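Please read the structure below before turning to the comments.
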Amino acid sequence: MLRPESNERGDRGDRGESEFLDKLVSINRVAKVVKGGRRFGFAALVVIGDQKGRVGYGSGKAREVPEAIRKATEQAKRNMVRVPLREGRTLHHDVEGRHGAGKVVLRAAAPGTGIIAGGPMRAVFETLGVQDVVTKSMGTSNPHNMVKATFAAFANLQSPRFVANKRGKKVSEIIGRRTEKVPAEEAAA
């Protein structure tokens, strides 16, 4: 099967039969020294999403780059998660995620802000369909740990509808509390 050529940003775009956008986050080449010389292997990290709130990541290893990318894409399709989005463009609230030495902070942003994120996290948000978000990564810059920390943060996200159902209240009560000012005497108590 022929694959479209990738551009310099790792975006291979939508294929005709797939509704998913997949992005190649990183490729790692490793060498094994044997009697006849070196044997090379490749490891690929791929993020895949439908740009409507579903996203997944996967890693694959093989002797050749296209095979590693194919394996990573298949694993990413199996590991997809749904992320609740506010107005289909940003997150509902600020959230933190950790994995290994990596820590990421994801913040909801006003319309028109754009995706302010570093390499691996940018790929996640572009495939997720988020248009406005501000992020910060601390600790490691390892792409695997940054992507896994981002998905750990997604696990901590909750929509107002979910919180309202959990508490037995209406969504308007939950959202109303987010925007209300707390009187000074209540804050001091």
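Each reported figure results from applying straightforward, stated rules to the coordinates on display, with no laboratory input. If you're wondering where the values come from, they're calculated on a predicted model, not measured in any experiment. Cβ atoms come from the backbone with ideal geometry, glycine included; neighbour counts cover every protein chain shown.
State the antiparallel share, in %, of DSSP beta bridges confined to the stretch 84-179, rounding to the nearest 5. Walk me through the numbers on the way to the answer.
Working: 13 of 15 bridges.
Percent antiparallel among DSSP bridges in the stretch 84-179 is about 85.
Dipole size in debye (nearest 20) for the stretch 11-81 around its Cα centre, Lys and Arg Cβ +1, Asp and Glu Cβ -1?
Approximately 580 debye in magnitude.
Which FRET efficiency, nearest 0.05, do R63 and I175 yield, Cβ-Cβ r, R0 45 Å?
About 0.30, to the nearest 0.05.
Name the lysines eligible as straight-distance cross-link partners of K61: C-alpha to C-alpha under 17 Å, and not fewer than 8 places from it in the same chain.
K23, K32, K71, K77
Expressed in nm to one decimal, what extension gain is obtained for the pair E87 and K166 from 0.36 nm per residue of sequence separation less their Cα-Cα distance?
That works out to 26.3 nm of additional length.
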